Amino acid sequence: MNEGDFLKLFLKHENALRVFARSILPSWRNVDDVLQEACIVMWEKLDQLDSEEGFFPWGKTIIRFKCMNLMQKKKNERLVFSENLMNLIADDAEKIDENEYAWRQQAIGSCLKNLSEEDQSLVMAPYLNHGSVKVLASKQSVSVNSLYKKLGRLRDRLLHCVNSKRALQT
Amino acid sequence: MNKKFNDLLHKYFLDCISDEEFKEFSSMLEENPQLRQKYLEHTMLDAGIRSHSNEGMEVVNIKEKRNPFIWIAAVAAMLLCIPAYFIFSQPAKIAVIKSSEYAGWESSQSTLLGAELESGILDLKTGVATLAFKSGADLTLEAPAKVELISDMEIKVISGSISMHVRESAQGFRVNTPNGYAIDHGTRFSVSISEDKKSADFKVQEGKISLHHDSGEVKHLSDEEASKMNVDSLVAIEDSQHEGFLNQEPNSHILSSIGNENTVIVNNDTGRVNKSFLMVKNQKRSDAVNRRALFAFKLDKLDLSKIKNARLSLNSIPTGLGEVVTMPTESTFQLYGIPDGLDEHWEKTGFLKWAAAPKIENALPLGSFKISRAKLRSKVFIESEELLNFIQFDQSSEVGFILVCTTPGGTMVHGFASSLNTEASGPRLVLKMNKD
């Protein structure tokens, strides 16, 4: 397999691998680090891979290993799960079918459109700039706390919407 | 139970969970597989919202766009093994270092002139520097000052003094301080955090800001006005000259050791000691030219029982003898107190032989300090229980000290200004007394 093929294969599964990593790690920034390292390992050990179908489960194993490695070094930092908990979560996460990730991603997109424009901005705010929620709170002259509570409710609504669509599917 | 878990779950993903809450969250996850399922659903939700918000910012998700230029860039990135998503989602740069005057920083980011900064904490140790935010606000810091850059429209001042010039495009810029925040409405203003980090002084030079105390109190300040944000409230500052005031310290005595200073050297070579310096040396290779400093203060006419605080200050200065590069990065110095009695009878002005000097073995350890070889010009303060007790229980109206270096090093001779030094002042003992 040449680099171009590997690229295509990696990119096809990248999103799902990122979410898998995120469930174990405390932040998205850690996910970037792990994905970068894991990518190098995958490229180097590509001969281990039997078929394209096996890429995702194989990728997850490498990512899981890299996550545990990274967290071992960071174990005294904030928001780091215990090794036991990380293993429990990784075990549960491995059972999730790859299609589930892609499907939910799409469903979230359409569920977001159900929200008002104002609510959409609020929901996206935490991802734009560290501190955006505070800026929004001051613009709307409400307390940051109340905005966070509203955010929680909106997220619950989104999840409910996604889960209902899921139920309709099966 | 579920409502509590839900609460914690949101706090976790919105990055506002406390350490205690996180512990609770973790144990709930460990014990309950159903809660773990919920957690995984939310992880997927978080990822989904995140990628949709990135699309909103025109970041390309390679799977969905087929622009050949981006494809080539992605292949190039792949050969370096950087995930394509990563090259498009760098942490945002919010400010640039615009100017720097003798600035010395402690930061995990590059702080060269022109360096672009992300959110994070910056600590200015020396000098003055100005940052230009992408939004149009300028922030000038005077060392020592520590700020957290939050976004291009928000900072938190943790300690020290800063001044801001906020242009029209950055109106609404927010400055957080220990008890509240200020919103800028187009100004030049300064913020100074008190030494105990519990209050902040705001002074507007030009323009308008609004102060929002955590308690809800709001105050607007315009040209030339100033206000203090305390733990409980906002208090006006009636100092139209914006100079501040120095505290006069009544009831304190400042003593000098002039006339009672000496340096002893192991090989008694008088050519190697100089009255302008109190010299100290601890050489690894051989102790022939090792030195110790001695100095004493007279306490006649002082009521020792009234002393509530004692502080010794010394000025470290380079002697020019020996080589800095042969030294360890940092050297530790130990201060000893000479006990009352025979030990106090040492030669205070003329030449003192090594063997005739008071011995460390009989002396009391009173405190220690470190000096970096990169920062030989610095002020040293020693203030300890042991020092205070040593002075309070003195019976001879004289307190004498021995200063030694406990870190074996190279050829450099450490120096502290003696009272005869023309560049810096000699040892000072400041005693604060209880009021009658």
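Scaling the Cα radius of gyration of chain A by the globular reference 2.2 N^0.38 Å produces a ratio of 1.20. Couplings for segment B:164-174, taken from phi via the Karplus curve 6.51 cos²θ - 1.76 cosθ + 1.60 with θ = phi - 60°, read 10, 10, 10, 7, 3, 5, 10, 4, x, 4, 10 Hz in order; Gly and Pro are left as x. Bridgeable aspartates and glutamates around B:Lys375 (alpha carbons under 12 Å apart, same-chain partners fewer than 8 residues away excluded): B:Glu330.
In the full protein context, chain A carries 51 Å² of accessible surface per residue, based on a 1.4 Å probe and ignoring ligands, DNA and RNA.
Bridgeable aspartates and glutamates around B:Lys208 (alpha carbons under 19 Å apart, same-chain partners fewer than 8 residues away excluded): B:Asp138, B:Glu154, B:Glu168, B:Asp184, B:Glu217, B:Asp223, B:Glu224, B:Glu225, B:Glu238, B:Asp239. When chains A and B come together, the accessible area they lose, probed at 1.4 Å and totalled over both chains, is close to 5500 Å².
Could you work out the local net charge near B:Pro328, counting Lys and Arg as +1, Asp and Glu as -1, over the other residues with Cβ closer than 11 Å to its Cβ?
Local charge sum for B:Pro328: +2.
So for chain A, averaging the separation of alpha carbon pairs under 8 Å that are six or more residues apart and normalising by length, what relative contact order in percent results?
On the way: 96 pairs, mean separation 35.4, N = 170.
Answer for chain A is 21 percent.
Which value, in Å², gives the accessible area per residue of chain B when a 1.4 Å probe is used on the protein heavy atoms?
Numbers: 21800 Å² over 436 residues.
On a per-residue basis, chain B sits at 50 Å².
With a 10 Å cut-off around each Cβ of A:15-23, the average count of Cβ atoms from other chains is 5. Considering only B:Val218, B:Val266, B:Val235, the mean-square fluctuation computed in a Gaussian network model of chain B, springs between alpha carbons under 10 angstrom, is largest for B:Val266.
Once the mean of 1/r is taken over each pair of separate Cα atoms and inverted, segment B:102-147 shows a Kirkwood hydrodynamic radius of 10.8 Å. With viscosity 1.002 mPa s and temperature 20 °C, the Kirkwood radius over alpha carbon pairs of segment B:230-358 converts through Stokes-Einstein to a diffusion coefficient of 114 µm²/s. Taking every alpha-carbon pair under 8 Å whose residues sit at least 6 apart, chain B reaches a relative contact order of 11 percent. Look at the stretch A:78-85: the mean tally of other chain Cβ atoms within 10 Å of its residues' Cβ atoms is 4. Starting from one equal scatterer on each C-alpha and no solvent at all, send me the Debye-based log10 I(q)/I(0) for chain B at q = 0.08, 0.11, 0.12, 0.13 Å⁻¹, two decimals. Per q value, in the given order, log10 I(q)/I(0) is -0.74, -1.04, -1.09, -1.15.
In this view, the solvent-accessible surface of B:Asp19, computed with a 1.4 Å probe and all protein chains in place, comes to about 80 Å².
How crowded by other chains is A:145-156, given as the mean number of beta carbons from other chains within 10 Å of each beta carbon?
Working: counts 1, 0, 1, 5, 2, 0, 4, 7, 1, 2, 9, 5.
Counting other chains' Cβ atoms within 10 Å and averaging over A:145-156 gives 3.
Where only DSSP H runs of four or more residues are counted, the protein assembly as shown gives -11000 deg cm²/dmol as its mean residue ellipticity at 222 nm, each run worth -39500 (n - 2.57).
Just to confirm a number: summing +1 for Lys and Arg and -1 for Asp and Glu over residues other than A:Met71 whose beta-carbon lies under 14 angstrom from that of A:Met71, what do you get?
The answer is +4.
Please report, as a whole percent, how much of the solvent-accessible surface of the protein assembly as shown comes from carbon and sulfur atoms (probe radius 1.4 Å). Carbon and sulfur: 49 percent of the exposed surface of the protein assembly as shown. Determine, at each q value in 0.12, 0.17, 0.19, 0.22 (inverse angstroms), the log₁₀ of I(q)/I(0) that the Debye formula gives when each Cα of segment B:94-204 is one equal point scatterer. So the normalised log intensities are -0.34, -0.71, -0.90, -1.24. Dividing the radius of gyration of the alpha carbons in the protein assembly as shown by their Kirkwood radius gives 1.09 for Rg/Rh. What are the lysines whose alpha-carbon lies under 18 Å from the alpha-carbon of B:Lys432, with same-chain residues fewer than 8 places away excluded? Partners within reach: B:Lys298, B:Lys301, B:Lys306, B:Lys308.
The values are calculated or read from the model by the stated rules, or taken from the named source; none is laboratory data. Keep in mind that this is a model prediction, so the values were computed, not measured. As a convention, Cβ positions derive from the backbone with ideal geometry for all residues, glycine included, and neighbour counts pool all protein chains shown. Surface accessibility is based on the protein's heavy atoms, side chains included, excluding ligands, DNA and RNA. Shrake-Rupley method; radii C 1.70, N 1.55, O 1.52, S 1.80 Å.
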